[in-house]
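What follows is calculated from the coordinates using simple rules that are stated; it is not laboratory data. Everything quoted here is computed from the prediction, not taken from an experiment. Neighbour counts are summed over all protein chains in view; Cβ atoms, including those assigned to glycine, are modelled from backbone coordinates with ideal geometry.
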Amino acid sequence: MNKFLVCSFLSLLTFASLDKGLEIAKRMDAASDGYVGETSSMRLILIDSSGKRIEREMEGSSIELKDMDRTIMNFVKPLDVKGTKLLTWAKHDDDDDQWLFLPSLKRVKRINSKTKGSSFMGSEFSFEDLGGQAIEKYTFDLKKEESFGNEKVWVLERVAKGKSSYSKVVIYVSKKHLTTMKSEYYNQRNELVKIAVFSDFSDYKIGKKTIHRAGKIEMKNVQNNKQSIFLWENRKLGVKLSAGEFTKDSLR
């Protein structure tokens, strides 16, 4: 009987942490909704284990639709990657669709479930990392509360309900801004692979709403000691764009 009571109590604690985790995830989702459309200049910096750096420049745009967000990243420098484009349809209730346009081959390559865990343009970011993070596709378990830098954070364990290259992602969420401060990525052997740190936050006013966004993401691979950095510049939210600009045919 005592063993049964202990198991029942632990089960109640688990359900409570899952309910709280989902509640926090929903609040994060609501805080980031309503951006309408976005344009920006972006830089992707690749740093190998010896410290050698390669820098690439991009133009980014995205649109918020009822059932998905659509995003395009278009490389503009250097010449060897100029014209390469990644289109992502981040669906709320289905698997994401992603297509990569390769100008040298003049063809559009579809990113499927087998390749979404592979490197995006030689970086430590995978195609999956750049896909949608719709809360319907994950479970969220509140593990603890602590401090990260100057922020009080919730620590959530996010597990995909469908196919993923990760067994889990541990997310550090700012209580004040409801944004991710750090993410830890674990492979299917439950080994820590990568750590992303989010910084250089700015506030963007759209109507009566303020959206808090990171201007820098540093992704470090703890297994090979390589790093990749995304930087956003000239970012504008609340931009009205056409869904027709975010189609497979538009990549050409």
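Charge tally for Glu218 (other residues, Cβ to Cβ under 12 Å; Lys, Arg +1; Asp, Glu -1): +3.
A Cβ-based charge dipole, computed about the Cα centre of the chain with Lys and Arg at +1 and Asp and Glu at -1, lands at about 320 debye.
Which links in Lys26/Lys77; Lys216/Lys236; Lys26/Lys143; Lys161/Lys205 stretch past 26 Å when you go from one Cα to the other? Show your work: numbers first, answer last.
Details: Lys26/Lys77 37 Å; Lys216/Lys236 15 Å; Lys26/Lys143 17 Å; Lys161/Lys205 34 Å.
As for pairs spanning more than 26 Å Cα to Cα, those are Lys26/Lys77; Lys161/Lys205.
Estimated at 0.36 nm per residue, the fully extended path between Leu102 and Lys205 surpasses their Cα-Cα distance by 33.5 nm. Of (1) 24.1, 77; (2) 17.6, 56; (3) 19.1, 71, which one was derived for Rg and Dmax of the Cα atoms in Å from the structure shown? Only one option fits the structure, namely (3). Taking θ as phi - 60° and the Karplus parameters 6.51, -1.76 and 1.60, the scalar couplings of the range 186-193 work out to 10, 6, 5, 8, 6, 9, 5, 10 Hz in sequence order, x denoting glycine and proline. With neighbours defined as other Cβ atoms within 10 Å of a residue's Cβ, the residues Leu46, Leu102 order from fewest to most as Leu102, Leu46. Going from the residue with the fewest nearby Cβ atoms within 10 Å to the one with the most, Thr88, Thr210 rank Thr210, Thr88. From least to most packed, judged by other beta carbons within 10 angstrom and beginning with the fewest, His177, His212 follow the order His212, His177. Between 0 and 90 degrees, the angle of helix 2-32 with respect to the longest Cα principal axis of the chain falls at about 30 degrees.
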